[in-house]
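Below: one structure, written as structure tokens.
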Amino acid sequence: MNETCDISFREKANIFSYEYLQCILFIIGLNDDSYLFTKKLCSKLIITSHIMEDFLDFHGAKKNKDWVFYRAISAAIRHLSLACYSQRHTLDRFDFYNFGEQNHSAFKQEALGMLKFLQDALHQAAPVALREAKRLGITIPESGYDLEYFPGIATAGQLEHNIDDAMPQRSQKKNLTRISSQFLELIRDFEQFTFYERYDLETIYKLVPDVINEVTMRSYEMRVHNIQSSFDSYVITTLQSPDTELLSQLRSHFSIVFHILQVLGRLLHFYERHLYDTGFKHVYRNIRLSLSDLIDPDAVLDRAMNYCLYYAGRFLSSGKAVATRVLNDNMESGTIEVGIPKDRGFHSRPSLLVAKIVQHYGGEVKLHVGKDQFDASSVLDIQWAGGKIKKEEIETVVFTGDSRALNDLKILSGVNYGEDHMGKGIPLPRELSYLI
């Protein structure tokens, strides 16, 4: 299908620039430092800059000396606007989130500062975008949008919660077991990025982009998004449900992390694509330097790491206890009796494999030896149990707890906990491939 027409490139550049430049003029005309960008303003910037960027890409602006910077500033404004939208959403929703008794009051103040940082960056970029449009001979609108065109979404009241549907309890428990397990797995994987004292710039330079980069962080963003989407599709919280409070806390944790990671992904993209020295020379180098003069790369890195990554780790850590409780309240429990590892007992390898199985599913599992019980997710606890087993010459033990883990523990015991009589490792069954 041929969608070309007789309108010239320059005429179309005027058409696709018009609403974009109206937003630019609106930002330039703001003279109230207390004004906070609304979601409608951010969304208008996102849409108009995106259309402009697509139009320019279609016509090869990235490879044209006259148009490449207009395209670059449009892309920069789009990604800053995307970050700004997510940040404003976080602020709008924060008072409605439920974190139980945990105190996150310091976060709200920093979140406001983060929004103002993004606004300031857009304020710096807007006049440059306008100047480039004038240089290229693009028609400039007579005025920007009126302030009333960009209202906030908040009002004085909330609609009544008057839908009280229910889901079969068995289905609800199954879904919550799966979702909380996935969240706990994500928390474990993200622990490598968690830190508790803010990084200095020298440390940040060592981490970005070699260790922490857009690709890695966006993969976690997508995982959190999938968990939240699954929760919203398959979990129903009713007015009379005894676990409404707990489920509200669970969703609050992965929701706020999702939006923080959205901002982080946009900032890392902006830094890596537009501010980071990747070795280009001449035109692209000059574009990078021009953008760096507008928006301080060090400030972008600091906000990405010491706000976004820092608080993503904090909220994931505080959500761990909530997710564990949801999992233990909803998982299917069971009991199995199995033999101990032959010849060498619960030394390092069998203890580690047992603990990894339990940790993989996240639910509570206990190892019972006589009247004593041990935490089956702890290698040290299992080895303590091993000492008692050897001393009392016990041949079988009992595991109780998460039935998913128990099924795999039964498979593991069937291959003598992954080792031969000499204590050497042997291949594990396919069902346990996640242990390798």
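Values for this structure:
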quantity	calculated
Residue match in region 37-46 (condition: surrounded by 18 or more Cβ atoms within 10 Å (Cβ to Cβ) and farther than 27 Å from residue 258 by Cβ)	no
Candidates 348, 378 - the one that is closer than 23 Å to residue 187 by Cβ and hydroxyl-bearing (Ser, Thr, Tyr)	378
Flag if residue 273 is under 25 Å from residue 91 (Cβ atoms) and of a type in the set (D, E, K, R)	no
Contacts under 8 angstrom Cβ, first residue in region 238-252 being at pLDDT 90 or above, partner among the hydroxyl-bearing types (Ser, Thr, Tyr), 6 or more apart	247/237; 247/241; 248/237; 250/180; 252/97
Residues being polar (S, T, N, Q) and in contact with a Ser or Thr (Cβ under 7 Å, 6 or more places away or on another chain) - total across region 149-198	1
Odd one out for residue 344, checked against (1) at pLDDT 95 or above; (2) among the basic types (Lys, Arg); (3) in contact with a strand residue (DSSP E or B) (Cβ under 9 Å, 6 or more places away or on another chain)	(1)
Count of region 132-175 residues which are under 30 Å from residue 76 (Cβ atoms), exposed (fewer than 14 other Cβ atoms within 10 Å of the Cβ) and of a type in the set (D, E, K, R)	5
Residue in region 11-33 that is surrounded by fewer than 15 Cβ atoms within 10 Å (Cβ to Cβ), acidic (Asp, Glu) and farther than 23 Å from residue 294 by Cβ present	yes
Residue within region 243-250 that is assigned to a helix (DSSP H, G or I) and loosely packed, with under 15 Cβ neighbours inside 10 Å present	yes
Residue in region 303-324 that is crowded, with 18+ Cβ neighbours inside 10 Å, charged (D, E, K, R) and touching a Leu at 6+ places or on another chain (Cβ under 9 Å) present	yes
Filter result (surrounded by fewer than 17 Cβ atoms within 10 Å (Cβ to Cβ) and part of a helix (DSSP H, G or I)) within region 360-371	none
The lone exception for residue 387 - which of (1) without any contact (Cβ under 8 Å) to a residue 40 or more places away in the chain; (2) surrounded by 17 or more Cβ atoms within 10 Å (Cβ to Cβ); (3) not hydroxyl-bearing (Ser, Thr, Tyr) it fails	(2)
Check on residue 34, under 30 Å from the mean Cα position of the chain (by Cα), modelled with pLDDT under 95 and assigned by TED's automatic domain parsing to the domain that holds residue 131	yes
Of residues in region 339-380 being over 40 Å from the mean Cα position of the chain (by Cα) and of a type in the set (A, V, I, L, M), the one farthest from residue 391 (Cα to Cα)	340
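The values are calculated or read from the model by the stated rules, or taken from the named source; none is laboratory data. Predicted, not measured: the structure shown is a model, and the values here were computed from it. When we count neighbours, we look across all protein chains shown, and the Cβ atoms used for this are built from the backbone with ideal geometry, even at glycine.
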